[in-house]
1. Would you list K39, K109 from fewest to most Cβ contacts within 10 Å?
2. Given the Cα atoms of segment 129-202, and with Rh set as the inverse mean 1/r over their pairs in the Kirkwood sense, what is Rg to Rh to two decimals?
3. What whole-number distance in Å separates the alpha-carbon centres of segment 17-59 and segment 116-143?
4. Rounded to the nearest 10 degrees, what's the angle between the helix 117-143 long axis and the longest principal axis of the chain, both from Cα atoms, 0 to 90?
5. Using the number of other C-beta atoms within 10 angstrom as an exposure proxy, rank L164, L34, L119 with the fewest first.
6. Can you compute the FRET efficiency between E202 and F25 using 1/(1 + (r/R0)^6), with r the Cβ-Cβ distance and R0 = 25 Å? Round to the nearest 0.05.
7. With just the Cα atoms of segment 3-115, tell me how far they stretch along each of the three principal axes, in Å, largest first.
8. Over all distinct Cα pairs, what is the inverse of the mean 1/r for the chain, reported as the Kirkwood hydrodynamic radius in Å?
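Quick note: the coordinates plus some simple rules give every number you see, no bench work behind them. Everything numeric here is computed off the predicted structure, so don't read it as measured data. Counting neighbours? That spans all protein chains shown, and the Cβs are built from the backbone with ideal geometry, glycine included.
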Amino acid sequence: MSFTGLVELECPGCSETEQHEIWSFVRGDLDETLRDRIKSGELNVMECPHCARIFYPDVSWVYADVAEDLLAFVFPASFEAEAERWRKKMEEDFERMRPVAERLGIHEKPVVFFGADGLEELLYRQDDLKDESDVAEWYAKELGLSMRAVRPAFAREHGLPRKLPLAAGKGFARQGALSGLRRLLDANDRLDGYRRWIKYLEGAGEDPPLA
């Protein structure tokens with residue numbers, strides 16, 4: 001459930017103050033319209049009723065997506081000058097809301113953005129990777145491979161699709177995953193996210209945690 005609150009804001013154009021309704025908590029997994037507004041840079045855009053100035057208010061808000069195990073604190077871009085102070089505040093605020101987040105199904109540590117641009121980019125990247133994963137899943141079925149999901153936070157941190165192709169009936173093994181990935185890319189060499197999976201698994205990084 002997403003919700004709003006009333007905040008008194010000063011217009012940066014005419015300096016008049018007025019109460020505005022802003023979104024303070026957004027469930028992106030439940031409200032696609034609000035998620036799209038974030039992607040288009042239209043969430044919490046205010047219009048001054050006195051001078052018609054369009055502006056972004058200096059307010060903080062929270063974005064949540066249970067399916068992605070994602071909680072994001074979005075601070076005003078102007079707060080970045082004191083980034084450490086606001087990251088500490090985020091940690092304190094999260095400790096108070098941790099039980100609520102865990103009841104929702106979010107267990108990962110929140111991410112912080114200063115301004116909504118970073119979150120906007122993340123949502124676009126997630127959508128691109130999901131589209132690629134959907135294509136890969138179709139090819140995997142044709143190739144007799146099974147798709148196994150990894151933890152969302154791990155995939156997000158490394159910029160990778162959330163699902164790995166494995167030989168049917170087998171659990172995760174690095175060489176087995178590499179074999180499945182190479183078969184997948186032989187069938188469709190335009191799956192750049194899965195090419196990154198190969199690069200990751202050929203390196204010395206930890207095994208990806210399965211969801």
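1. Numbers: K39 18, K109 12.
Ranked by crowding around the Cβ, least crowded first: K109, K39.
2. Numbers: Rg = 10.8 Å, Rh = 11.9 Å.
That ratio is 0.91, to two decimals.
3. Segment 17-59 and segment 116-143 have Cα centres separated by 26 Å.
4. Here the helix axis deviates by roughly 20 degrees.
5. Least crowded to most crowded, the residues run L34, L119, L164.
6. 0.05
7. That gives 44, 32, 21 Å along the principal axes, largest extent first.
8. Working: mean 1/r = 0.0518 Å⁻¹.
Roughly 19.3 Å, rounded to one decimal.
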